[in-house]
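**Q** Take this structure first; my questions come after.
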Amino acid sequence: MSEKILEKIEALRAELHQHNYNYYVEDQPTISDFEFDQKIKELQDLEIAHPEFYDPNSPTLRVGGEITKNFPTVPHQFRMYSLDNSYDFDDLADWEKRIIKVIDEPVEFVAELKYDGASISIFYENGKLKQAVTRGDGFQGDEITANVKTISDIPLTLKGEFPVQFFMRGEIYLTRKNFDKINLRREEEELDLFMNPRNTASGSLKMQDSAEVRKRGLSAVLYQFISTEIPAKTHWELLTNAKKWGFKVSDQARLCTNLTEIQDFINYWDEARHDLPFEIDGIVLKVNSIKQQSQLGFTAKSPRWAMAYKFKAEKVETELLTVTYQVGRTGAITPVANLKPVLLAGTTVKRASLHNEDIIKKLELHEHDFVYVEKGGEIIPKIVGVNEEKRNPQNREIQYITHCPECGTTLVKIEDQAIHFCPNDLHCPPQVVGRMIHYVSRKALNIENLGAETIEQLYREKLVENPADFYTLTKEQILPLERLGEKSAQNIIDGIEKSKTIPFEKVLFGIGIKHVGETVAKKLAKNFESIEALKEATALELVQVEDIGGKIAESIVNFFQNPENILILERLKSYGVQLEKGKNSNKLLSTVLENKTFLFTGKLSLFTREEAEEMVEKNGGKNISAVSKNLNYLVVGEKAGSKLKKAQEIGTIEILDEQEFLNLLAK
Ligand code: AMP
Ligand code: ZN
């Protein structure tokens, strides 16, 4: 008997260690938080019932995962505890009872939102941000000060009267809007999409380049003051003070004097959370009095004076109507479950992604099954299970398609990605249309007025099948298209004509060689004079180029082995599209800025930042992204801020206004 229990405990520990690793180190959880917490609870219960199997390394005693190597590891002066979780009001009532047993005076609580992001500890000294550290395993974390400083919500210097040294703890998170923005960009750049705002936020904090972190648009909220001496009687007062010093504290926190008020707060946010611009996964309750907090103290893993209340991921049951398959513009197949419409977390759900064949198999999905749909951290709802009791035994199991639903070609499965592809990239309709849409997009040939819808129409009318066909279009051909007036038709023709001046590197990106994104195209254009030169290059030569790996090289070689691609390129060239480096496009205009580094800051009025950076490059200079000793010139526009200050502090950097920069070029 007891052997069985030990086995069970050890299996759970091993499994939870793995989930911790997936979550904290890899940023790729494979189970929902709810499932994880359930398992932790199960283990906790077993450990309490069987103290003889105590293990100092049990996942129930540890807060997080291992430490990532890239950033220096620093110990936390005050341990970053985890929070105990509760899932229903009974749990909460028990917690309150335990508190009242210890404290024989009235107890007040502060109810706060439980932000779903990455926690951070920030050290302030003399009103200045000194150091920011991730939670790590609670005892030590990664020092990510430079990255945290890029987050606008976090004050770098404080106002008013504040203690000389203290820590502020808080959460760094991404708003839904910024998360969507990032994924939209990634979609444009053909990168894998991020799963959810929380993982994206914590992943962003560990990026090497703080300028990139900045671009992610992270937000922060601070919810805990920590120091050896606490300059207030209550947590509430500390929050109020922190706000005065310049910290962003939660607007939603409330003081509660009893359990009913706490329940009202929870019930309210369980609904209203869907309207927040960011995600929360629960509520945090804290005993307000600092004296009472210290009377209560800590358990091995969490404060006794605080408790998290976790919302259940909303789950509903509905009928699976059909499974359909979408073909993306890269040929990737996405199975989609079409559902009987059902209300979930405030929106009507009609579809859920099934991701890939493996997931369908794991669910053992049958036709017309009744399925459970959940909206967890992920944006698209997903099917998390099947109600087998309701299954009609006559219904067959879902069989994954073997042929492309658009063009009938036999699909290929890429094993290590578990994804099916349609290999017919030159003739499969969505892929063909997708390539043309990509060709005209802003970062490629930038043919304005030629939108996705028009391209689809042109394709349906058999007027275009590849980018080369654009150049033989006539106004008379496009005029009959729906909703196209004389003027728009002319604009399209003009736009196509104008695209002949777009430089080689953008054309190279536009023709859509698999894995050749914007940056790779630039690198290629730097190293190869013309499309001919690139065509002649062997895989071995290609991988010599910075940033070009084996996968990209192989894809380029394959591209040029296809005669249809060669024909399209020949035609593009004959119409005058730039398939080689222009006489002066990459040639230097001068070398007056040779060996000099530049950075632009503030609002520029004489030229855009992009233009400015191009001028630097064309005159032999180099753009860098941060103020450091390596910077020679800082060019400041209106309202220059911290960069200017920092440059002045360093002292060796020459500071120019826009006109002075132009004068420099004229030399
Ligand atoms: P857990 O990760 O489930 O143990 O929950 C603890 C974590 O909740 C903390 O480490 C914080 O990152 C996070 N958290 C979010 N909002 C709050 C809050 N208002 N007060 C304390 N912790 C919070
Ligand atoms: Zn196809």
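**Q** So what is the accessible area of the stretch 315-413 per residue, in Å², with the probe set to 1.4 Å?
**A** On the way: 5380 Å² over 99 residues.
I get 54 Å² per residue for the stretch 315-413.
**Q** Consider a paramagnetic label point 7 Å from the Cα of Asn562 along Cα→Cβ; state which residues of the stretch 390-407 have an amide N under 18 Å from it.
**A** Under 18 Å, as judged by backbone N against the label point of Asn562, lie 404-407 of the stretch 390-407.
**Q** I need two numbers for the chain: Rg to one decimal and Dmax as a whole number, Cα atoms only, in Å.
**A** Reported Rg and Dmax, both Å: 29.6, 89.
**Q** Do any GluC sites (Glu not before Pro) in the stretch 141-197 lie in a loop, going by DSSP, with at most 16 other beta-carbon atoms within 10 Å of their beta carbon, and if so which?
**A** The qualifying sites are Glu161, Glu189, Glu190.
**Q** Another question, then. Calculate the FRET efficiency for Leu184 and Ile414 from the Cβ-Cβ distance with a Förster distance of 35 Å, rounded to the nearest 0.05.
**A** Approximately 0.90, to the nearest 0.05.
**Q** Determine the sum of side-chain charges near Val433: Lys and Arg each +1, Asp and Glu each -1, restricted to other residues whose C-beta is under 9 angstrom from that of Val433. Display every interim value, and only then the final one.
**A** Numbers: positive: Arg329, Arg435; negative: Glu456.
Counting the neighbours of Val433, the net charge comes to +1.
**Q** Suppose only helical runs count, i.e. DSSP H with n ≥ 4. What mean residue ellipticity at 222 nm does that imply for the chain under -39500 (n - 2.57) per run, divided by all residues and rounded to the nearest 500 deg cm²/dmol?
**A** So the calculated ellipticity at 222 nm is -10500 deg cm²/dmol.
**Q** Using +1 at the Cβ of each Lys and Arg and -1 at the Cβ of each Asp and Glu in the stretch 84-310, identify which of Gln293, Gln131, Ala308 lies farthest towards the dipole's positive end.
**A** Gln131
**Q** What are the trypsin sites (Lys or Arg not before Pro) within the stretch 476-562 that DSSP puts in a loop, where the Cβ has at most 14 other Cβ atoms within 10 Å?
**A** Arg483
**Q** Determine the distance separating the Cα centre of the stretch 123-179 from the Cα centre of the stretch 37-53; give it in Å without decimals.
**A** 34
**Q** Now, a different point. Largest first and in whole Å, what are the equivalent-ellipsoid semi-axes of the stretch 406-560 based on the Cα gyration tensor, each being the root of 5 times an eigenvalue? Don't skip to the end; give the middle numbers.
**A** On the way: eigenvalues 184, 90, 25 Å².
So the equivalent ellipsoid measures 30, 21, 11 Å along its semi-axes.
**Q** Give me the accessible area per residue for the stretch 213-306, probe 1.4 Å, as a whole number in Å².
**A** In whole numbers, the stretch 213-306 has 46 Å² accessible per residue.
**Q** Could I ask something else about it? Could you sort out which of Lys39/Lys286; Lys443/Lys514; Lys506/Lys535; Lys128/Lys286 sit more than 19 Å apart by Cα distance in this structure?
**A** Lys39/Lys286; Lys128/Lys286
**Q** If you wrap a convex hull around the Cα atoms of the stretch 84-310, how much volume per residue is inside, in Å³?
**A** Here the figure is 126 Å³ per residue.
**Q** If you keep only loop residues by DSSP, which GluC sites (Glu not before Pro) in the stretch 207-257 have at most 11 other Cβ atoms within 10 Å of their Cβ?
**A** Glu229
**Q** Which distance in Å, rounded to a whole number, links the C-alpha centroids of the stretch 182-213 and the stretch 246-277?
**A** With the stretch 182-213 and the stretch 246-277 each reduced to a Cα centre, they are spaced 29 Å.
**Q** Check the stretch 133-278 and count each lysine pair with an alpha-carbon distance under 26 angstrom, considering only pairs eight or more places apart or from different chains.
**A** Close lysine pairs under the 26 Å cut-off: 26.
**Q** Same structure again: Whenever you get a sec, compute what percent of the accessible area on the chain sits on carbon and sulfur atoms (1.4 Å probe).
**A** Ligands and nucleic acids excluded, carbon and sulfur reach 50 percent.
**Q** Under 15 Å Cα to Cα from Lys526, which aspartates and glutamates show up? Leave out anything in the same chain fewer than 8 places away.
**A** Glu505, Glu518, Glu541, Glu546, Asp547, Glu580, Glu614, Glu617
**Q** Sticking with this one: Mind jotting down the three principal axis lengths of the stretch 553-664 based on Cα atoms? Whole angstrom, largest first.
**A** The Cα atoms of the stretch 553-664 stretch 60, 29, 25 Å along the principal axes, largest first.
**Q** Between Glu314 and Leu588, how many nm apart are label points set 7 Å from Cα along the C-beta direction?
**A** Inter-label distance under the simple model: 6.1 nm.
**Q** I've got another one for you. Between Glu3 and Tyr372, 0.36 nm times their residue separation minus their Cα-Cα distance comes to what?
**A** 129.2 nm
**Q** While we're on this one: At a Förster radius of 56 Å, what calculated FRET efficiency corresponds to the Cβ-Cβ distance of Gln648 and Asp251, to the nearest 0.05? Each step should come with its number before you reach the end.
**A** On the way: r = 36 Å, r/R0 = 0.64.
Once the sixth-power term is evaluated, E becomes 0.95.
**Q** Around Ser227, with a cut-off of 15 angstrom between Cβ atoms, what is the net charge of the other residues, counting Lys and Arg +1 and Asp and Glu -1? Intermediate values should be presented prior to the final figure.
**A** On the way: positive: Arg79, Lys130, Arg169, Lys233; negative: Glu125, Glu161, Glu229, Glu237.
So the environment of Ser227 carries a net charge of 0.
The values are calculated or read from the model by the stated rules, or taken from the named source; none is laboratory data. Quick caveat, the model's predicted, so the values are computed rather than measured. All Cβ positions, glycine included, derive from the backbone under ideal geometry; neighbour counts span all protein chains shown. Please note that ligands, DNA and RNA were not included when accessible areas were found on the heavy atoms of the full protein model with its side chains. Shrake-Rupley method; radii C 1.70, N 1.55, O 1.52, S 1.80 Å.
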